[in-house]
Amino acid sequence: MCPEGRQVFAEMSVVENLEMGAHTRKDNEQKSDIEKMLDLFPVLRQRAKQRAGTLSGGEQEMLAIARALMARPKLCLFDEPSLGLAPKIVEEVEQILVRIKAMGTTIVLVEQNAAMALRLADRAYVLEAGEVVLHGTGQELKNDPQVSKAYLGY
C-alpha cells in the first residue's frame, strides 16, 4: 500500500525508507531492488542519504511509491498519489504508475484526479457517498457525458 499523505519515515534517509519497504522479505535481493528503485526514481538517487522529511512533497510521494514497490507486491493500492502535488509532479506520478502497470503489478488507484485515473484505468468505478454509481472501462467513463460534466469539467 502507498498511503495518502506519503507518510515517509521523516527522520530516516531515503535508502533507510526503501529498506523498510522490504522488511518482510527473506531473500537476499533487497540491495538490487534498491538500485532498481533508484534507477526508476533518479531524484531519489541524488538524495539517497538525505533525511526523507527534508524532501519536497513530490519527492516524498516518489519515495512512498518506491518503498511500497520494495515489497515486490503483485497488487498495490495507491491512495491519492497526486494529492497536494504541483501539476508537473502529478504528470510524473502518472508516468510512474504507467511504468508500474507495465511491469505487471496490478494497481488499485483511489484518486480524486478523475482525468488521470481514467487515463490509467482498465476498470473504473465512481463512488458517491460510499456507493458505486457508475462503472466501466476507463475509456467508457471518460466518454460518458455524466462523468464528463460532473468530474472532468467538460
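The values are calculated or read from the model by the stated rules, or taken from the named source; none is laboratory data. None of these values were measured; they are calculated from a predicted model. Glycine gets a Cβ as well: all are built from the backbone with ideal geometry, and neighbour counts include every protein chain shown.
Things worth noting here:
- Index of the failed condition, Ala52 passing every other in (1) surrounded by 20 or more Cβ atoms within 10 Å (Cβ to Cβ); (2) within 24 Å of Val98 (Cα to Cα): (2)
- 2 or more residues touching a residue at least 60 places away in the same chain (Cβ under 8 Å): qualifying strands (runs of 3 or more DSSP E) within the stretch 56-154: 75-79
- Close contacts from the stretch 35-53, counting a first residue that is under 19 Å from Ala71 (Cα atoms) and free of Cβ contacts under 8 Å to residues at least 60 places away in the same chain and a second that is in a loop (DSSP other than H, G, I, E, B) and not aromatic (Phe, Trp, Tyr), with Cβ to Cβ under 7 Å and a gap of 6+ residues or different chains, come to Met37/Met70; Leu38/Ala48; Ala52/Val8; Ala52/Ala10; Ala52/Met12.
- Check on Ala121, more than 18 Å from Met1 (Cα to Cα) and of a type in the set (Gly, Ala, Ser): no
- Against the numbered list (1) loosely packed, with under 13 Cβ neighbours inside 10 Å; (2) more than 25 Å from Leu83 (Cβ to Cβ), Glu19 comes up short only at (1).
- Of all residues making up the stretch 60-84, the number that are over 17 Å from Arg99 (Cα atoms) and out of contact with any Pro (no Cβ under 8 Å at 6 or more places or on another chain): 4
- Hits in the stretch 23-48 - residues which are outside any helix (DSSP H, G or I) and under 20 Å from Glu92 (Cβ atoms): Phe41, Arg47, Ala48
- When the stretch 1-18 is filtered for residues that are among the charged types (D, E, K, R) and either closer than 30 Å to Gln112 by Cα or at pLDDT below 95 (or both), the ones remaining, listed by number, are Glu4, Arg6, Glu11.
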